[in-house]
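Input: a single structure, listed below in structure tokens.
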Amino acid sequence: MKIVIDGIETAASPGEMLLEVARRLGVRIPTLCYHEAFGGQGVCRLCLVEVTAGEVSRLVASCTYPVTGEIEVRTTTPEIERIRRHIIMLLHRRAPGSEFIQELYREYGCQENVPAPDPDERCIMCRLCVNACEAVGACAITAVDRGTDKRIDTPYGEASPDCIGCCACAEVCPTKAIGVSRAAGHYTIWNREFELERCAGCGRPFTSRPCQERIARLSGQELSGAQLCPECRKKQAGSRVALSMIP
Amino acid sequence: MAIEPQQAAAQRPMEQIVRRYPPEQRYLLAIMQDLQKEFNYLPREALGLTAAHVRVPLGKVYSMATFYKAFSLTPRGRVSLRACDGTACHIKRSQVIIDELRKCLGIQPGETTADGEFSLETVNCLGACAIAPVLVANHKVHAKVTAAAVREIIKSYGGRVDEPVGN
Ligand code: FES
């Protein structure tokens, strides 16, 4: 079906999320809680756009809005900008420690926010980390408590035996709220320390043992002694292909 | 890891409660309610047993246990005082009640007195907004509570209350 985004006509398949259609078209809509791997969550509301169907216009979160008919979309209007600025003010009050949020704050010309309860806070509670942890099958971190006390944590705030040290949570976090501290041969995440295993090819330390085991299990392979880092694996695959092409 | 005989004995009643239910995720809440009723809180080992029984990661069980105000992760006192601070009660000045409870018992919401007698919690809504502000003491509902009523309630459960000076 045909839809119009910021005056540009494009085709969308029914049920496709509006944000994804816009991205394909190259139209930039700011997002925080959206990630390609998990789809829209509708948590941060930053991806707000105006959708007009026939006579009616309304504001929707584009990451959770499935296209079902012919619509006209505007991704920026004075009204949207005003609301977005307000959302950024709220996010900034919650997570003033995040550089990403600080940047948005400046970009949208926000001013004079109410003092934040915790000036170092970086988490905006978008739950992307929880989704990532669940996707790797660990479920080591979840939302704990409720209301203003709600936070992301491991059970009892202790090192979780379910954590495999994959750092997927820190990787997907849009505001860099999850700390990974590294020391020679070790790293610590969510209070749990992991030893770095070295790559059998280049000798560079690259991941934890539990993480390797999980990957092996997920891909239905035996974990043999020597493990290669992603780069060495790529090189190996490349040379295999190259060799196979030699007649 | 070897389990001490004492520890094993303490686990038995927990296990019995957990095993009352089929090992399915949908019984998670029911199991936790039974555990809370039996022990007056959710012991750590019990949460572990529950998670293993219904085959749900401990993280999710812990998330649920901390979400519902009906559960407590630390032992509640002999008398559990739950002050409602939902919207209606809040407007009806539940803060005054909570402040009075704090002052009389010398504890903050979420804490238990050192003698294990009283524990104080705030809850988000008890569904009894018409009689706000509400205070529940061991399942007994007290309606339209005042600061003076708070002192009487504490006394009726054997608590000692210093009378306010000057009035
Ligand atoms: S990106 Fe759509 S609500 Fe966060």
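Key figures for this structure:
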{"read-out": "FRET efficiency, 1/(1 + (r/R0)^6) with R0 25 Å, evaluated for A:Leu223 and A:Ser244 via beta carbons", "value": "0.45"}
{"read-out": "Shape call, the range A:2-76: gyration tensor on alpha carbons, a/c limit 1.5", "value": "prolate"}
{"read-out": "Relative pair counts by distance (%), Cα atoms of the range B:5-67, 10 Å bins", "value": "23, 61, 16, 0"}
{"read-out": "Tilt relative to chain B, helix B:5-19 - C-alpha long axis, 0 to 90 degrees, to 10", "value": "80"}
{"read-out": "Exceeding the 23 Å Cα-Cα cut-off - candidates A:Lys176/B:Lys69; A:Lys150/B:Lys60; A:Lys150/A:Lys176; B:Lys69/B:Lys92; B:Lys60/B:Lys140", "value": "A:Lys176/B:Lys69; B:Lys60/B:Lys140"}
{"read-out": "Nearest 10 degrees, 0 to 90: helix B:58-67 Cα axis against chain B principal axis", "value": "20"}
{"read-out": "Cβ neighbours within 10 Å from other chains - mean over B:66-73", "value": "3"}
{"read-out": "Reduced Cα scattering model of the protein assembly as shown, Debye log10 I(q)/I(0), q = 0.08, 0.11, 0.13 Å⁻¹", "value": "-0.67, -1.12, -1.29"}
{"read-out": "Helix-derived mean residue ellipticity, 222 nm - over chain A, DSSP H n ≥ 4, -39500 (n - 2.57), to 500", "value": "-9000 deg cm²/dmol"}
{"read-out": "Rounded tilt (10° steps) of B:147-156 against the dominant C-alpha axis of chain B", "value": "60"}
{"read-out": "Listed residues A:Ile29, A:Ile141, A:Ile124, most fluctuating in chain A (Gaussian network, C-alpha, under 10 Å)", "value": "A:Ile29"}
{"read-out": "Overall form of the range B:115-157 per C-alpha gyration tensor (a/c, 1.5; a/b vs b/c)", "value": "oblate"}
{"read-out": "Cβ-Cβ FRET estimate between B:Ala147 and B:Ala30, R0 fixed at 25 Å, reported to 0.05", "value": "0.05"}
{"read-out": "Values of log10 I(q)/I(0), in the order q = 0.11, 0.13, 0.17, 0.21 Å⁻¹, for the range A:128-244 under a Debye, Cα-only, solvent-free model", "value": "-0.44, -0.59, -0.91, -1.24"}
{"read-out": "Distribution of pairwise C-alpha distances over the range B:37-166, 10 Å bins, in %", "value": "12, 40, 30, 14, 4, 0"}
{"read-out": "P(r) weight above 29 Å for chain A, C-alpha pairs, percent", "value": "47"}
{"read-out": "Simple label model, 7 Å out from Cα along Cβ direction - B:Tyr21 to A:Thr76, nm", "value": "5.1"}
{"read-out": "Amide H within-cut-off set for B:Glu111, under 5 Å, with H built and near neighbours excluded", "value": "B:Leu120"}
{"read-out": "Accessible surface of the protein assembly as shown, 1.4 Å probe, proportion on carbon and sulfur as whole %", "value": "51"}
{"read-out": "Helical contribution to [θ] at 222 nm, DSSP H n ≥ 4, -39,500 (n - 2.57), averaged over chain B, rounded to 500", "value": "-13500 deg cm²/dmol"}
{"read-out": "Protein accessible surface hidden between A and B, which excludes ligands and nucleic acids, total in Å², probe 1.4 Å", "value": "1300"}
{"read-out": "Pairwise FRET efficiency - A:Asp118 versus B:Ala128, Cβ, R0 = 30 Å, nearest 0.05", "value": "0.30"}
{"read-out": "Between the range B:104-150 and the range A:67-111, the alpha-carbon center distance in angstrom", "value": "41"}
{"read-out": "Listed residues A:Cys110, A:Cys169, A:Cys133, most fluctuating in chain A (Gaussian network, C-alpha, under 10 Å)", "value": "A:Cys110"}
{"read-out": "Cα gyration tensor, the range A:1-138 - rounded (a/c under 1.5), prolate or oblate", "value": "oblate"}
{"read-out": "Antiparallel %, DSSP beta bridges [both residues in chain A], to 5", "value": "95"}
{"read-out": "About the Cα centre, charge dipole magnitude for the protein assembly as shown (Lys/Arg +1, Asp/Glu -1 at Cβ), debye", "value": "380"}
{"read-out": "Inter-chain Cβ neighbour average for residues A:152-158, partner chain, 10 Å", "value": "4"}
{"read-out": "For the range B:59-167, size of Cβ-based charge dipole, Lys and Arg +1, Asp and Glu -1, in debye", "value": "300"}
{"read-out": "Given charges at beta-carbon only (K, R positive; D, E negative), |dipole| of the range A:2-76 in Debye", "value": "220"}
{"read-out": "For residues of B:44-57, the mean tally of beta carbons on other chains within 10 Å", "value": "1"}
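The values are calculated or read from the model by the stated rules, or taken from the named source; none is laboratory data. Quick caveat: nothing in here was measured; it's all calculated off a predicted structure. Counting neighbours? That spans all protein chains shown, and the Cβs are built from the backbone with ideal geometry, glycine included. Areas reflect the complete protein model, heavy atoms only, side chains present, ligands, DNA and RNA absent. Shrake-Rupley method; radii C 1.70, N 1.55, O 1.52, S 1.80 Å.
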